[in-house]
Amino acid sequence: MNDAVTPDVRVDLSREARTNLPEVIYGAGKTPEQLERIARELFAASGFALATRVGPAAGEALAAALPQGRYSPRSRLLVCGSRPPTGAIVGVACAGTSDLPVAEEAAGTLAALGHDVRTFYDVGVAGIHRTLAVRDELDRCRVLIVVAGMEGALPSVIGGLVRPPIVAVPTSVGYGASFGGLAALLGMLNSCAPGVCVVNIDNGFGAACVAHKMVSLPPLEAPGEISA
């Protein structure tokens, strides 16, 4: 086991070797000092660190303090360093401008992991011509992350038009009967378009992790064997 351990933090430095995903810092609830300490440990080990759900004040300060740090207030992502490009084209589509924070969390995570990200924003079903106008571009992606609130119809519509697998992300955007994203979640889970999987409400990061594994998982060293 390869961990960096302090009294309140156990940084998992071998996670990528086990899971094909590096350890990523969940920023909500952590102090700026904890975030900086963990990010420095990860950066020292691999030249890369990513933190999600980091508030603007802490994010801007940490971006200035950390090596190769940068912060996006809309996605709430803090990134240090970089990873080599994978060459995989992954698309992120969202229904409306109100869904952008979740879509940007997905797109920013994918970009930080080295993917070539194509974004298709404000292409929701309220103006279906907008979806149809980008159909050919959507079809060129290896995987599509599709983000929507309200009734959550966009992943089903896109799923009936294109070849790539779809990771659907319900958002908490909508009026009262959307129940904070529950209506969109249930709509996506009940999609009749095959090839659609669904993550939790507002979980752009989780969708990016699924897409990352879809396009970058290396083959096993030998059939039926998994390295320890």
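The values are calculated or read from the model by the stated rules, or taken from the named source; none is laboratory data. The structure displayed is predicted, hence computed values, not measured ones. Every residue, glycine among them, receives a Cβ derived from its backbone with ideal geometry; neighbour counts consider all protein chains shown.
Taking the options Thr31, Thr52, name whichever one is touching a residue at least 40 places away in the same chain (Cβ under 8 Å), of a type in the set (Ser, Thr, Tyr) and not assigned by TED's automatic domain parsing to the domain that holds Asp139. Please lay out each step first, then the result.
On the way: Thr31 fails: touching a residue at least 40 places away in the same chain (Cβ under 8 Å).
Only one candidate passes the filter, namely Thr52.
Please go through the stretch 162-178 and give me each residue that is over 22 Å from Asp116 (Cα atoms) and buried (at least 23 other Cβ atoms within 10 Å of the Cβ), ordered by number.
Our first condition is that a residue be over 22 Å from Asp116 (Cα atoms); within the stretch 162-178, this holds for 170-178.
Of everything in the stretch 162-178, those that are over 22 Å from Asp116 (Cα atoms) and buried (at least 23 other Cβ atoms within 10 Å of the Cβ) turn out to be Pro170, Thr171, Val173.
Using the structure shown, decide if Pro85 is surrounded by fewer than 23 Cβ atoms within 10 Å (Cβ to Cβ) and not in a helix (DSSP H, G or I).
Working: surrounded by fewer than 23 Cβ atoms within 10 Å (Cβ to Cβ): yes; not in a helix (DSSP H, G or I): yes.
Yes, satisfied.
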(message) Go through (1) small (Gly, Ala, Ser); (2) in a loop (DSSP other than H, G, I, E, B); (3) in contact (Cβ under 8 Å) with a residue 12 or more places away in the chain for Ala63 and report which single condition fails.
(response) (2)
(message) Can you pull out every residue in the stretch 6-20 that is surrounded by fewer than 16 Cβ atoms within 10 Å (Cβ to Cβ) and part of a loop (DSSP other than H, G, I, E, B)?
(response) Thr6, Pro7, Asp8, Val9, Ser14, Asn20
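Could you list all residues from the stretch 26-49 that are assigned to a loop (DSSP other than H, G, I, E, B) and charged (D, E, K, R)?
Narrowing the stretch 26-49 to residues assigned to a loop (DSSP other than H, G, I, E, B): 27-31, 47.
The one that is assigned to a loop (DSSP other than H, G, I, E, B) and charged (D, E, K, R): Lys30.
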(request) Report whether or not Ser75 is under 20 Å from the mean Cα position of the chain (by Cα), closer than 30 Å to Ile128 by Cα and either assigned to a strand (DSSP E or B) or not assigned by TED's automatic domain parsing to the domain that holds His115 (or both). (result) yes
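Hey, can you tell me all the residues within the stretch 46-59 that are surrounded by fewer than 17 Cβ atoms within 10 Å (Cβ to Cβ) and either of a type in the set (Phe, Trp, Tyr) or farther than 11 Å from Val79 by Cα (or both)?
Passing the criteria: Ser46, Gly55, Pro56, Ala57.
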(request) Identify the residue in the stretch 1-40 that is more than 19 Å from Glu105 (Cβ to Cβ) and hydroxyl-bearing (Ser, Thr, Tyr) and, among all such residues, is modelled with the highest pLDDT. (result) Thr31
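Filter the stretch 124-161 for residues that are buried (at least 23 other Cβ atoms within 10 Å of the Cβ) and free of Cβ contacts under 8 Å to residues at least 40 places away in the same chain; which is nearest to Cys209 (Cα to Cα)? Break it down into steps so the answer makes sense when it comes.
First, pick out the residues of the stretch 124-161 that are buried (at least 23 other Cβ atoms within 10 Å of the Cβ): 124, 141, 143-150, 152, 154-155, 158.
Filter once more, so that each one left must be free of Cβ contacts under 8 Å to residues at least 40 places away in the same chain: 124, 152.
Details: Gly124: 23, Gly152: 21 Å.
So the residue we want is Gly152.
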